[in-house]
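Q: There's a structure below that I have some questions on.
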Amino acid sequence: ILNVEQSPQSLHVQEGDSTNFTCSFPSSNFYALHWYRWETAKSPEALFVMTLNGDEKKKGRISATLNTKEGYSYLYIKGSQPEDSATYLCASPPGDMRFGAGTRLTVKP
Amino acid sequence: NAGVTQTPKFQVLKTGQSMTLQCAQDMNHNSMYWYRQDPGMGLRLIYYSASEGTTDKGEVPNGYNVSRLNKREFSLRLESAAPSQTSVYFCASSLTVSGYGYTFGSGTRLTVV
């Protein structure tokens with residue numbers, strides 16, 4: 001994988017559902033994996049920065065895991081709420097840090 | 001707590017005109033970046049500055065120049081604007097290029113007619 005890839009492109013869930021998305025990145029020369037939350041008409045905000053294989057990070061109902069050997073990270077949202085609706089980006093620095101195209105999450109009340 | 005400040009927020013240019021987008025951060029970050037966001041393309045890196053005194057090309061540098069004026073400020077210049085440069089531009093900064101999250105400015109919406 002030469003670029004950072006995210007799946008799915010978009011996701012529609014009901015309030016209360018739990019969901020997860022995937023970020024795939026080049027596993028060679030790995031430094032860090034970033035997750036960002038980007039609400040419409042706002043700027044991206046950093047959620048997690050992960051550096052170690054097996055890393056798990058948590059912020060409220062959102063958590064992320066990292067597998068640097070196989071080059072993927074999962075972002076989980078437990079009990080989705082309408083305010084979780086946003087695009088979730090991942091990126092892998094350094095240098096010309098490339099962002100994935102994002103997963104657009106819509107949570108319906 | 002200003003964070004990253006971008007100016008202007010909106011701009012309309014005619015083809016061939018030049019302009020400079022300004023970015024300043026007050027977090028004592030070493031690294032700064034310019035991205036553009038286009039529908040369906042996500043965020044693409046134009047230029048970045050890993051530390052004061054250095055600049056490097058990103059994924060889409062053609063048609064742009066940058067200046068890292070000092071540790072706080074990183075400007076992006078369009079010498080001869082083209083309609084293809086119509087986009088939303090984001091400046092960002094981080095403590096270093098890899099292990100720390102980026103803080104983004106609020107964006108500049110540029111239209112070239």
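The values are calculated or read from the model by the stated rules, or taken from the named source; none is laboratory data. For clarity, every value in this text was computed on a predicted model and none was experimentally measured. Heads up, the Cβs are rebuilt from the backbone with ideal geometry, glycines too, and the neighbour counts pull from every protein chain shown. To get the accessible areas, we keep the full protein, side chains included, count just its heavy atoms, and leave off ligands, DNA and RNA. Shrake-Rupley method; radii C 1.70, N 1.55, O 1.52, S 1.80 Å.
Q: Tabulate in residue order the Karplus-calculated ³J(HN,Hα) for segment A:5-14, using 6.51 cos²θ - 1.76 cosθ + 1.60 with θ = phi - 60°, rounded to whole Hz; enter x for Gly and Pro.
A: Once rounded to whole Hz, the list reads 10, 10, 8, x, 5, 8, 8, 10, 10, 8.
Q: Estimate for me the total accessible surface buried between chains A and B (protein heavy atoms, probe 1.4 Å, no ligands or nucleic acids), in Å² to the nearest 100.
A: Interface area, both chains combined: 1400 Å², rounded to the nearest 100.
Q: With +1 assigned to the C-beta of every Lys and Arg and -1 to the C-beta of every Asp and Glu, and no other charges, what is the dipole magnitude of chain A about the Cα centre in debye, to the nearest 20?
A: Rounded to the nearest 20 debye, it is 100 debye.
Q: Kindly write out, for segment B:97-109 in residue order, the coupling ³J(HN,Hα) from the Karplus curve 6.51 cos²θ - 1.76 cosθ + 1.60 (θ = phi - 60°), rounded to whole Hz, with x marking Gly and Pro.
A: Couplings: 6, 10, x, 10, x, 8, 9, 9, x, 7, x, 10, 8 Hz.
Q: If you don't mind, there's one more thing I want to ask. Could you state the accessible area per residue of chain B in Å², with a 1.4 Å probe and every protein chain left in place?
A: 45
Q: Could you state, as a whole-number percent, how many of the C-alpha pairs of the protein assembly as shown are farther apart than 34 Å?
A: 14
Q: Sequence gap of 8 or more, or different chains, plus Cα separation below 19 Å: how many lysine pairs satisfy both in chain A?
A: Summing the qualifying lysine pairs gives 5.
Q: Using a ≥ b ≥ c from the Cα gyration tensor of chain B (square roots of the eigenvalues), is it rounded, prolate or oblate, where a/c under 1.5 gives rounded and otherwise the larger of a/b and b/c decides, a/b for prolate?
A: prolate
Q: Right, here's the next one. Evaluated at 20 °C with a viscosity of 1.002 mPa s, what Stokes-Einstein diffusion coefficient in µm²/s does chain A have when Rh comes from the Kirkwood expression over alpha-carbon pairs?
A: 155
Q: Once the cut-off is 17 Å, how many percent of the Cα-Cα pairs in segment A:63-109 end up in the long-distance tail?
A: 46
Q: While we're on this one: Do any residues of segment B:58-103 lose at least 50 Å² of accessible area when the full set of protein chains is present rather than just their chain alone, and if so which, with a 1.4 Å probe?
A: Checking the loss per residue gives B:Ser98, B:Tyr102.
Q: Another question, if that's okay. With +1 on the Cβ of every Lys and Arg and -1 on the Cβ of every Asp and Glu, and nothing else charged, how large is the dipole of segment B:1-97 about its Cα centre, in debye rounded to the nearest 20?
A: With Lys and Arg at +1 and Asp and Glu at -1, about 140 debye.
Q: Run the paramagnetic zone check for B:Glu79: 7 angstrom along Cα to Cβ, then residues of segment B:50-73 with backbone nitrogen under 12 Å.
A: It comes to B:62-66, nothing else.
Q: Moving on. State the percentage of accessible surface on the protein assembly as shown attributable to carbon and sulfur atoms; use a 1.4 Å probe and exclude ligands, DNA and RNA.
A: That fraction is 47 percent.
Q: Counting trypsin sites (Lys or Arg not before Pro) as exposed when in a DSSP loop with at most 14 other beta carbons within 10 Å, what is the longest stretch of chain B free of them?
A: B:15-113
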